[in-house]
Structures are given as structure tokens and as C-alpha cells.
């Protein structure tokens with residue numbers, strides 16, 4: 001059994017998502033486990049170089065996690081033929097240009113979502129990647145969450161019968177910053193900096209809907225800026241110019257060709273009274289299920305109780321107790337790490353991989369359709385995307 005090195009240029013990993021999910025819980029964890037196993041029994045050991053603008057910050061991060069290579073010169077990193085993969089988790093506005101530079105340098109590319117702020121840019125970089133002959137991928141981490149993997153198992157087993165609808169509830173209260181410290185970056189609430197609920201989350205919901213419930217056919221959406229004034233990391237007040245909530249209905253074409261209705265509620269100005277910060281409630285003719293990040297609960301047709309509507313009598317039926325837990329039948333690893341392992345195998349041994357930049361472009365397509373629906377106050381069709 002041999003171990004081969006894979007050089008990875010990692011850009012934008014000093015931010016919350018890049019540092020925690022991609023560096024620490026993915027690449028550092030993969031290194032700690034001895035690399036990624038291949039079909040032939042060999043292993044691949046990621047050898048990252050961390051690139052960022054703040055020299056002190058990037059050095060401190062590298063030294064804290066045993067990363068020997070770091071710096072601020074992206075051009076030099078891209079020019080090194082020993083590093084064959086480029087990863088970006090920086091700002092969305094810069095992403096298409098960074099990916100294009102990396103592809104021109106002959107690097108395979110992997111990046112966070114959204115892959116661009118506009119569909120035109122997303123299609124352009126997806127086409128460049130497709131024609132390059134290099135490997136490319138976009139993060140679609142929600143597909144690897146334990147709760148959604150259990151939900152998908154129910155779907156594949158035919159548990160739902162004919163799927164009727166899915167209701168997505170996402171969000172929590174993000175502190176304004178005057179009374180309590182903020183728990184999300186302030187740029188999330190400035191449109192000019194790439195912020196906004198629709199841009200951030202519709203990219204996620206597109207690949208979740210397409211893969212688990214049905215292809216998105218059309219959407220009706222309204223966005224809102226519920227909290228117009230917030231305070232940044234330094235305690236300075238600023239005007240929130242981006243939407244902090246969105247409410248949408250989508251028509252899907254289910255995997256059996258039948259229509260499925262999806263309701264998507266997402267808000268950073270809501271207080272949680274549900275099983276998790278995000279829940280997916282699926283109803284079908286033969287059963288229903290509710291999944292969160294980790295857990296999934298199901299209720300079959302034959303175990304469905306018979307509630308009685310009587311507003312004059314206090315309800316005593318314990319609805320939450322009437323659902324059965326879908327058990328953990330395996331160890332569920334970190335979703336970001338799982339997709340990193342898939343991408344590494346794709347690069348090294350040409351393993352099948354379907355979470356490509358064209359798939360990432362579909363997320364931006366839904367963002368634009370939802371935004372257009374909000375502005376024009378009407379349903380917007382979402383045609384098949386040709387890349």
C-alpha cells in the first residue's frame with residue numbers, strides 16, 4: 001500500500017466556514033486519519049498551502065493546525081506545478097475570476113457556493129471548467145447531512161408512496177449587535193458585499209430539492225429585510241441592504257414524474273420552536289417524515305393517528321410522540337469532509353463525481369428566478385439549464 005501526495009492551494013480559509021468546515025473538519029481531519037483510501041488500497045494525503053491576504057492571520061492558522069505551508073502570494077501558489085488542486089472559500093464576488101485563474105494555471109478546482117453572484121457569470125465559469133478537461137466541483141454539503149441521508153433512504157425504499165409535498169423551515173434569530181454580539185458576519189446583511197438570504201440559501205435548496213424531491217419547475221418568492229439596522233463586528237451601526245428572510249413556493253417534477261409542491265421558509269429573524277435549525281417535512285400517500293440536520297422521524301400510513309378538531313376542548317394528543325425515529329445504522333462523518341473525499345478520489349482515480357460547477361450554476365439560476373419573482377411579484381419558470 002502506497003501513499004501519494006496531493007497538493008492543494010486553499011484560499012479563503014480564514015473565514016468561519018472555510019476554517020471550521022473545510023480546513024479543520026475536512027482537510028486536517030483527513031490528514032489525521034492517514035489520508036483518503038483509494039480503490040486499489042493506496043491512500044492520498046492532502047498537502048495544503050494556505051493562502052490569504054493577512055500574513056499574520058494565515059500563519060497563525062497554519063501553525064495551529066500543523067500546516068507547514070502558507071503565504072499571501074496566490075500567483076506563486078498557482079504557478080507551482082506540485083500543487084494540482086485549487087480550493088476557494090473567499091468572497092462570492094471574486095470567485096469566478098479566481099476559478100478562471102486557477103483553471104488557466106492547469107489546476108483542478110473546488111469551491112464553496114454560490115459559485116457566482118449572477119447566472120451569466122456562473123454559466124461562463126462552468127463552461128470554462130467543462131472545456132478545460134480539468135476536474136471541478138462545488139460544495140453541496142447538505143446532501144451528506146445524516147438527517148437528509150436518512151430521508152433519502154426512506155425515499156429510495158418507497159416509504160412515501162406518491163410524494164405530495166415538502167415543507168422546509170430554516171433559520172434562527174441573528175442578533176442585531178446592539179444588545180448581544182452578532183453570530184454571523186455583518187457582510188451577510190449588505191447586498192453590495194454579496195450578502196442576502198436568497199443568494200446564500202437558495203443555492204443550497206436547489207440541490208436538495210433536485211436530488212431528494214424533484215426537479216424545480218417554477219418558483220414564487222418574496223424576500224424581506226425585517227431588521228433594517230444592525231451593528232457590525234466593531235459595534236458600529238450600519239444599514240442592512242440585503243434580504244434577511246425569504247418565503248417561497250416551488251413546483252417540482254417528482255422522480256416519478258408526479259407534481260410535488262415545496263414550501264421554503266427561511267429567516268434570520270425568527271425564533272426557533274421546531275426540532276432543529278432546519279427541518280424538512282415530507283408528506284406522501286403512504287407516509288410522512290421530518291428530518292433535521294442529524295435526526296429523522298417518520299409516520300407511516302398505518303400508524304397515522306386520528307386527531308379530532310374540537311376548538312372547545314384542550315388538545316391532549318401528544319403529536320410529537322407519535323413519530324418513530326429512523327435509527328442510526330452507520331457512523332455519519334462530517335458532510336463537508338465526505339464531499340472532500342469524493343472530490344479527491346475524483347481527481348486522483350477519476351472516481352464518479354456529479355457535484356460539478358454546472359450543478360453549482362443551477363443554484364445561481366434559482367437565486368435569480370426567486371429574486372425576479374420577488375421584484376416582479378409573479379411566478380417564474382425555471383427551465384432546464386444547458387451548460
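So residue 342 clears everything in (1) in a helix (DSSP H, G or I); (2) over 22 Å from the mean Cα position of the chain (by Cα) except one condition, right? Which one?
Looking at each condition in turn, residue 342 falls short on (2).
Being touching a strand residue (DSSP E or B) at 6+ places or on another chain (Cβ under 7 Å), surrounded by 19 or more Cβ atoms within 10 Å (Cβ to Cβ) and in a loop (DSSP other than H, G, I, E, B) is the filter here, so list the residues in region 142-173 that pass it.
Selection gives 159, 160.
In region 77-88, is there at least one residue being assigned to a loop (DSSP other than H, G, I, E, B) and buried (at least 20 other Cβ atoms within 10 Å of the Cβ)?
Checking region 77-88: not a single residue is assigned to a loop (DSSP other than H, G, I, E, B) and buried (at least 20 other Cβ atoms within 10 Å of the Cβ).
Can you find, within region 255-273, the residue that is surrounded by the most Cβ atoms within 10 Å (Cβ to Cβ) among those that are in a loop (DSSP other than H, G, I, E, B) and under 21 Å from the mean Cα position of the chain (by Cα)?
Among those residues, the one meeting the criterion is 268.
Restricting to region 120-141, name every residue that is farther than 20 Å from residue 85 by Cβ and surrounded by fewer than 19 Cβ atoms within 10 Å (Cβ to Cβ).
Within region 120-141, 120, 124, 127 meet the criteria.
Across region 51-76, what is the number of residues that are part of a helix (DSSP H, G or I) and farther than 22 Å from residue 337 by Cα?
Residues flagged as part of a helix (DSSP H, G or I) and farther than 22 Å from residue 337 by Cα within region 51-76 amount to 8.
Can you tell me which residue among 246, 234, 242, 250 is assigned to a loop (DSSP other than H, G, I, E, B), in contact (Cβ under 8 Å) with a residue 40 or more places away in the chain and either out of contact with any strand residue (DSSP E or B) (no Cβ under 9 Å at 6 or more places or on another chain) or assigned by TED's automatic domain parsing to the domain that holds residue 372 (or both)?
242
The values are calculated or read from the model by the stated rules, or taken from the named source; none is laboratory data. Owing to the predicted nature of the structure, the values given are computational and were not obtained by experimental measurement. Cβ coordinates were reconstructed from backbone atoms using ideal geometry, including for glycine residues, and neighbour counts include every protein chain displayed.
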